Amino acid sequence: MVKLLIKDGIRLDGRKPDELRKIKIEAGVLHRADGSCYLEWGENKILAAVYGPREALPRHIQDSTKAIVNARYNMASFSVEERKRPGPDRRSIEISKVTSEALEGVIFTELFPRTMIDVCIEVLNAEAGTRCAGITAAAVALADAGIPMKDLPVACAAGKVDGTVVLDLTSGEDKEGEADLPVAIAPRTEEILLMQMDGHMTYKEFEEALELALKGCKKVHELQREALLNKYKDFEV
Ligand code: CDP
C-alpha cells in the first residue's frame, strides 16, 4: 500500500497516531445566553450557547414527563472551504438529532417537565471532527447554564488512516483515510452516548479505535473540567 498520510509513524501534521490536536476551551463567553462555551480544536472554532429550561411552545410539543433537549448544529457559510449555503441541510439535521440524543442521555430532563432546553452549536471554522467538538462545547455550555447532569459528556473521534488506527482525524485524513469513528461518552461510567462510523474497519481495528477514542475523550474531559474550574474559581460557595 502507498502510504501518503502517515510516514515513519508520524502523520502529515506532525502528530503521533494517538495524539490529539491542540484544544482550547473557554466557559461562559456570552452574557445573554444562560450558559456558553467557546472551543478551538485544531482548526475547528465552535461557539455553543444554552438557553433554558423555558416553557416549550407551542404547547402541543410539551412533554408532561420531561424537558425536550433541542440541539441545533449550524455551520457558518464561511466555515468551510467551499461556501456553505446558509440554513439547515441533511447533514446538519442529522448532527443536530444525534447531538440532542447524546445530551439527553446525561441531562436530568425529568426535573423540568413541559420545558425546552435549547443548545445552539455554531461552527465558525470547520476542519473535521466538528460533531465531537460541538458536543464537547455544548456540554461545557450546559454545565455553565447550571443544567443538572449526571455527568459532563465529552466526544472524540478515532479512525483508520493508511492502515493505522489513529486518534482525532484531520480533514485530509477524514477524506482520504479508510474510516472515521466519532464517539461521545459519559466519562465516569463510559456509557456510550453517540457512536457513528464512516468507512470500513475490521472488528479488531474497531475495538482498537474505540479504545483510542475513549482515551481521547478522557483527555478532553480534563480540559472541559479545567475550563469550568477556571470560570468559577473566584466564586464564593
Ligand atoms: O465534522 P465531522 O467530522 O463531525 O462531520 P463530517 O460530515 O465527517 O465532515 C467532515 C468535515 O468535512 C467537516 O468537519 C468539514 O471540515 C468538512 N465539510 C465541508 O468542507 N463542507 C461541508 N458542507 C461539510 C463538511
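Just so you know, all these numbers are worked out from the coordinates, no wet-lab data involved. What you see is a predicted model; the values in this text were computed from it and never measured. Heads up, the Cβs are rebuilt from the backbone with ideal geometry, glycines too, and the neighbour counts pull from every protein chain shown.
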In 10 Å bins starting at 0, how do the alpha-carbon pair distances of the stretch 16-232 split up by percent?
9, 35, 37, 16, 3, 0
Normalised by the residues of the stretch 16-232, what does the relative contact order come to in percent, with Cα pairs under 8 Å and at least six apart?
23 percent
Nearest 0.05, what FRET efficiency do Asp18 and Glu207 give at R0 = 25 Å with Cβ-Cβ as r?
0.95
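I'd like the FRET efficiency for Asp8 and Glu176, computed as 1/(1 + (r/R0)^6) with the beta carbon distance as r and R0 of 30 Å, rounded to 0.05.
FRET efficiency, Asp8 to Glu176: 0.95.
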In Å and whole numbers, how far do the C-alpha atoms of the stretch 13-83 stretch along each principal axis, longest first?
53, 28, 27
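Counting other beta carbons within 10 Å of each Cβ, put Met116, Met195, Met75 in order, fewest first.
Listing Met116, Met195, Met75 from fewest to most nearby Cβ atoms yields Met195, Met116, Met75.
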Relative packing of peptides 220-233, 24-37 - highest average C-beta neighbours within 10 Å first:
24-37, 220-233
Taking the Cβ of each residue in Tyr38, Tyr73 as the centre, tally the other Cβ atoms inside 10 Å and list the residues starting with the fewest.
Tyr38, Tyr73
Using only helices, what value at 222 nm comes out for the chain when you add -39,500 (n - 2.57) per DSSP H run of length 4 or more and divide by the total residues, to the nearest 500 deg cm²/dmol?
-9500 deg cm²/dmol
Going from the fewest other Cβ atoms within 10 Å to the most, one would list Ser64, Ser92 as Ser64, Ser92
Can you tell me how much longer the chain between Glu94 and Phe235 gets when fully stretched, taken as 0.36 nm per residue apart minus their C-alpha distance, in nm with one decimal?
46.9 nm
Could you run the Debye sum over the Cα atoms of the stretch 78-131, one equal point scatterer each and no solvent, and tell me log10 of I(q)/I(0) at q = 0.18, 0.19 Å⁻¹, two decimals?
-0.72, -0.78
Size of the dipole of the chain about the Cα centre, Lys and Arg at +1 and Asp and Glu at -1 on the beta carbon, nothing else charged, in debye to 20?
460 debye
